[in-house]
Each structure stands twice: as C-alpha cells, then as structure tokens.
Amino acid sequence: MIYEMTIQFRVLDMKKGLWWYETLLNKKPDFIPHEGFAEWELITGCWLQIAEGTPSIGSGPIRLGVPDLEQERERLITELKITPFDIHTRKEVPVKWATFSDPWGNRIGYFEYIDKHERETQIKKVIKNKRGR
C-alpha cells in the first residue's frame, strides 16, 4: 500500500530556491528540518521537497492541478519572470496542460480539468481531505 509520496528537486542556491518555490506555491514551506532542505505538503500526503545540491537537469515534470491554468501562467510570467510557455490540449485528454522549468532546470507542469464539473469535484475532494485531518 502506498499512502504518501514525495518528489525532490535540487537547487544550487537555497535562498533563491526558497523564494522561487514560495512564490510558485503561494505559501511558505510546511517543514524545514535542517539547513539546505524544505518541504511543502501540496495536498494531503503529497510533498514537494527542495534540497540544496546539484540539480538533475530535466528531471520531472511534476504536474500540479490548478483551477485556472491561464491565470497561473500569467502570474508565473509576471512574478517569476518565467519564459512564456504554451498550453496544450488533445481531444482525447480531459485536461489542458503546460510545462516550464525552474531556474535550475527542474521541469514543472500545471494542468487544469477542461470540464468545470470535474474540476470542482476534484477540488472538493482535496478540501474535504484537508478538513478531515
């Protein structure tokens, strides 16, 4: 049985990495156990870690579900100065998605459910899990 997961990205500059990921995720880390390491719980049992060290160029992408992909793309371009990136769709896929990189080459993606009812259903599940803690 798998009950939790973590993914780790390495960054060369921890101070810049903290700022970058705090801005990306719109929140401070949930856990900083020691210098050079930080974790965010994205949803219950799902952790994103950053650690100071040599990045594995091109790792990922980790894809994060967002309610409004276009709005998040504009926020990232403005706040993090990310190079503008394309949003993709395919007829047979129920989401639209986009991929970009952090300053260290770690690949990150966002996705959004195209069907508004499905999106709201998924968001409600996450909120229910958070309240049930």
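Remark: pairs (first residue in region 37-56, on the phi > 0 side of the Ramachandran plot; second residue modelled with pLDDT of 95 or more and buried (at least 16 other Cβ atoms within 10 Å of the Cβ); Cβ separation under 7 Å; 6+ apart in sequence or on different chains) = 53/10.
Can you tell me how many residues within region 80-121 are open to solvent by less than 90 Å² (accessible area, probe 1.4 Å) and within 24 Å of residue 9 (Cβ to Cβ)? Qualifying residue count, region 80-121: 23.
Against the list (1) closer than 14 Å to residue 25 by Cβ; (2) in contact (Cβ under 8 Å) with a residue 12 or more places away in the chain, the condition residue 95 fails is (1). Of the numbered criteria (1) open to solvent by 30 Å² or more (accessible area, probe 1.4 Å); (2) among the hydrophobic types (A, V, I, L, M, F, W, C); (3) over 20 Å from residue 77 (Cα atoms), the one residue 25 fails is (3).
The set of residues in region 55-76 that are outside any helix (DSSP H, G or I) and either at pLDDT 95 or above or touching a helix residue (DSSP H, G or I) at 6+ places or on another chain (Cβ under 9 Å) (or both) comprises 64, 65, 66, 67.
The set of residues in region 1-45 that are of a type in the set (D, E, K, R) and assigned to a loop (DSSP other than H, G, I, E, B) comprises 4, 13, 27, 28, 30, 35.
The values are calculated or read from the model by the stated rules, or taken from the named source; none is laboratory data. Just so it is clear, the structure is predicted and the values come from calculations on it, not from any experiment. Virtual Cβ from ideal backbone geometry, glycine too; neighbours counted across all protein chains shown. In case anyone asks, the SASA skips ligands and DNA or RNA and just uses the protein heavy atoms, side chains included. Shrake-Rupley method; radii C 1.70, N 1.55, O 1.52, S 1.80 Å.
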